[in-house]
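Values in this text are rule-based calculations from the coordinates and carry no lab data. What you are looking at is a predicted structure, and each value in this text was computed from that prediction instead of being measured. All Cβ positions, glycine included, derive from the backbone under ideal geometry; neighbour counts span all protein chains shown.
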Amino acid sequence: MSAMLVPIGHAVGPLYPLTGTPEADNYEIRIGDGIFNVDAEELRIWSLIHGDPKKVVSEMPSRKMMYEAAGDLPISQINMLIDRLRDFGLIMEFTPGGQAARAFGYQHKVNPLAVGLGNTEQAPWYFSIGLPNAARVIVAHGVYHLWMFGHRHASLWEACLYLASERKALARADLESDPDRLLAQFLDALPALVATACVYVDRVR
């Protein structure tokens, strides 16, 4: 399995100097309790790693995907930019599953964007997220719960532990109560949530 690329932080726009120069000095990404500045080339790669909403369900963001998305750049340059952003902490690269997934959960938290649109009578176990009258993504109940409340916990892993304990107390066979599987389900949905701007991932403070 290819390693998945996850963008960390939330873009907050360009920063133009007070002198009125027509080009931005840099671009700002909110991460943790501060701001990180990147140049236009770094921002392009970071933005492309969010994925194409039309393709991300069938192909998670990876270096291979980036070689196609930024095909006008040499592969060596794409790798250099990915490595630089990873060293900055603005990208996480890992293979989903096992200890790597837990490490990601320990080190990061998720913040909801967009609007929760609830479920329907026809499909009560699936919930939509997006804008009023315009769903962007449909997820299972466990993912929806973590989308809603994950930001209230110290990390994504802590959120999974809390949800697992709640479900174990209910003792219902139809509710997943293993924290590792809850995390795996969320990570499966994460590329679509990120690509549709329904969530952003932050590092643990």
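Within the P(r) computed for region 4-95, what percentage of the Cα pairs occupies the region above 19 Å?
42
Only counting other Cβ atoms within 10 Å, I'd like Ser62, Ser165, Ser2 sorted with the fewest neighbours first.
Lowest to highest Cβ neighbour count: Ser165, Ser2, Ser62.
Give the Cα extents of region 159-205 along the principal axes, in whole Å, largest first.
Computed over region 159-205, the largest-to-smallest principal extents equal 34, 26, 15 Å.
Roughly speaking, what % of Cα-Cα pairs in region 50-164 are separated by over 21 Å, rounded to a whole number?
Roughly 53 percent, once rounded to a whole number.
In the chain, if every C-alpha pair distance is counted and binned at 10 Å from zero, what percent goes to each bin?
Percent of pairs per bin, in order: 8, 32, 35, 17, 6, 1, 0.
Which value, in debye to the nearest 20, describes the size of the charge dipole of the chain about its Cα centre when Lys and Arg Cβ atoms bear +1, Asp and Glu Cβ atoms bear -1, and nothing else is charged?
500
Kirkwood hydrodynamic radius, region 103-203, all distinct C-alpha pairs: what's the number in Å?
By the Kirkwood definition, the hydrodynamic radius is 13.6 Å.
Based on other C-beta atoms within 10 Å, arrange Phe104, Phe94 from fewest to most.
The order, fewest Cβ neighbours first, is Phe94, Phe104.
Would you work out which of Leu183, His141, His151 lies farthest towards the positive end of the dipole of region 103-203? Charges go on Cβ: Lys and Arg +1, Asp and Glu -1.
Looking along the dipole axis, the top candidate is His151.
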